[in-house]
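The structure appears below as structure tokens.
The values are calculated or read from the model by the stated rules, or taken from the named source; none is laboratory data. Keep in mind it's a predicted model, so treat the numbers as computed, not measured. All Cβ positions, even for glycine, are placed from backbone atoms using ideal geometry, and neighbour counts span all protein chains on display.
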Amino acid sequence: MTSTAEVRNGVCFVTLAGEFDRGNVAALKTEIETCLEQASSVVFDFGAVTFANGAVMSLLFDIIDRLEKLGEGGWLGVARPVPVIERLFKVTGLVERPNFRIIPTLREALDIIENY
């Protein structure tokens, strides 16, 4: 598992690689919390994620709940999820949340951030 989080144009941009589960999601949460202090939205690049389980889904729901409570129009985006992880978003109902977006390509995600 590796992750980097940085603020770009008011958006917390998080790049992930590897496997994410209950054993390492706490470190990811800490990194994102720091980033969210300076951002109103979050975009994850899931392009190199090979595994994610319920712990990651719980983290994503916590983030979107937080953004919705702030009431500043914040949203959560996930770029390049592999099909099995995108299916998790659908099964858990995350895709039904109005402040959630699946972004097909990294270029599109970066363009959205650049124009935010």
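Any chance the stretch 33-49 includes a residue that's closer than 18 Å to F13 by Cβ, out of contact with any Cys (no Cβ under 7 Å at 6 or more places or on another chain) and part of a helix (DSSP H, G or I)? Checked against the condition, which is being closer than 18 Å to F13 by Cβ, out of contact with any Cys (no Cβ under 7 Å at 6 or more places or on another chain) and part of a helix (DSSP H, G or I), the stretch 33-49 yields at least one hit.
Of the residues contained in the stretch 62-73, none is found to be at pLDDT 90 or above and of a type in the set (G, A, S). Go through the stretch 56-88 and report how many residues are closer than 12 Å to F46 by Cα, in contact with a Pro (Cβ under 9 Å, 6 or more places away or on another chain) and not basic (K, R). Number satisfying all stated conditions: 1. Whether a residue is loosely packed, with under 15 Cβ neighbours inside 10 Å and among the small types (G, A, S) was assessed, and G74 does not pass this test.
When residues of the stretch 1-24 are filtered for being of a type in the set (K, R) and outside any strand (DSSP E or B), how many remain?
1
Out of all the residues in the stretch 38-59, which are aliphatic (A, V, I, L, M), surrounded by 15 or more Cβ atoms within 10 Å (Cβ to Cβ) and closer than 16 Å to V82 by Cα? Passing the criteria: V43, V49, A52, V56, M57. Once the stretch 1-33 is narrowed to residues that are out of contact with any strand residue (DSSP E or B) (no Cβ under 8 Å at 6 or more places or on another chain) and among the β-branched types (V, I, T), the residue that is nearest to A48 (Cα to Cα) is V25.
Residue count for the stretch 11-50 under the criterion of being over 11 Å from the mean Cα position of the chain (by Cα), free of Cβ contacts under 8 Å to residues at least 40 places away in the same chain and under 21 Å from E114 (Cβ atoms): the result is 5.
Pairs under 6 Å by beta carbon, first residue more than 11 Å from F20 (Cα to Cα) in the stretch 51-73, partner outside any helix (DSSP H, G or I) and among the aliphatic types (A, V, I, L, M), six or more apart or different chains? Correct list of pairs: I63/V42; I63/L76; I64/L76. Scanning the stretch 52-60 finds no residues that are farther than 20 Å from M1 by Cα and either modelled with pLDDT under 95 or in a strand (DSSP E or B) (or both).
Being touching a strand residue (DSSP E or B) at 6+ places or on another chain (Cβ under 6 Å) and among the β-branched types (V, I, T), is that true of even one residue in the stretch 89-100? No, the conditions are met nowhere in the stretch 89-100.
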